[in-house]
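Following: one structure in structure tokens, then a few remarks.
The values are calculated or read from the model by the stated rules, or taken from the named source; none is laboratory data. Just so it is clear, the structure is predicted and the values come from calculations on it, not from any experiment. What goes into the accessible areas is simple: the full protein's heavy atoms, side chains included, and nothing from ligands, DNA or RNA. Shrake-Rupley method; radii C 1.70, N 1.55, O 1.52, S 1.80 Å.
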Amino acid sequence: PMMDDPSQTPVTGIGALAIDRNNPELLFAGTGEPTITLSKAIAAPVGTGMGVLQSTDGGQRWSALPWPQSASAISRIALHPASSDTMLVGSRTGLWKTVNRGGSWSNTLAGVVSDVRYHESNPAIVFAASGSDYGDSRNGVYRSMNGGKPFSWQKLFVNFPAGDSTGRILLATTPADPRLLLALVARPITSDDFLALMRSTDAGVTWTEITIPDW
């Protein structure tokens, strides 16, 4: 990315991009390597991130928002639909939340957070995926009913694969059906990649596996 001072432009990995739905000129980029263990496993270069970058001119120039750590490995940025001053940032060091566009941050969910989504019709509801590459008992899909505040998360485990058997988890939602939630689940990195594609039609309360022929 080109920073305000081109002579200081860093070289860094980009793990996430987000566009403000209320102002398409306002962009955010999450830096670092969110699949760092996978990168090491295949001997790929690993870049150290610097947190979240912001562009107010459609990506022509970028500036760094304050970030609470010396490095970052960001997998997903979820902007609140009413105001991008509030954002949730999934990373290898947990789920970070700001309500003042990076002025201050709180870590609201521990572990490797591989994805985060606001509910399509009710932003007070947030879904997050804990997806450590090597498998972890904490891995799975979580839901917060109060906007992703600390200590507000419930694990959505009914019929979902056990955390120790899963690796990275990615989520998908759609405005066409706000109660529909999909989770693409990988195996731990030490075994074959794909484990299951899971579907919930009740906002994560229960899950069923989607059969994929010849996957």
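At a 1.4 Å probe, what is the % contribution of carbon and sulfur to the accessible area of the chain?
After summing per-atom areas, the C and S share lands at 53 percent.
Rg to Rh ratio, the stretch 88-215, alpha-carbon atoms and Kirkwood radius? The partial results should precede the final answer.
On the way: Rg = 14.2 Å, Rh = 14.7 Å.
Radius of gyration over Kirkwood radius for the stretch 88-215 works out to 0.97.
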Fill in the blank from the handout: accessible surface per residue for the chain, probe 1.4 Å, DNA/RNA/ligands not counted, whole Å² -> 48 Å²
Exercise for the section: Consider all pairwise Cα distances in the chain and report the whole-number % of them above 28 Å. Expected result: 28 percent
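When the helix-only estimate is applied to the chain (DSSP H runs of n ≥ 4, each -39,500 (n - 2.57), divided by the residue count), what is the mean residue ellipticity at 222 nm, nearest 500 deg cm²/dmol?
On the way: 1 runs with 6 residues, N = 215.
It lands at -500 deg cm²/dmol.
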Exercise for the section: Binning at 10 Å from 0, report for the stretch 90-152 what percent of all alpha-carbon pair distances ends up in each bin. Expected result: 24, 54, 21, 2
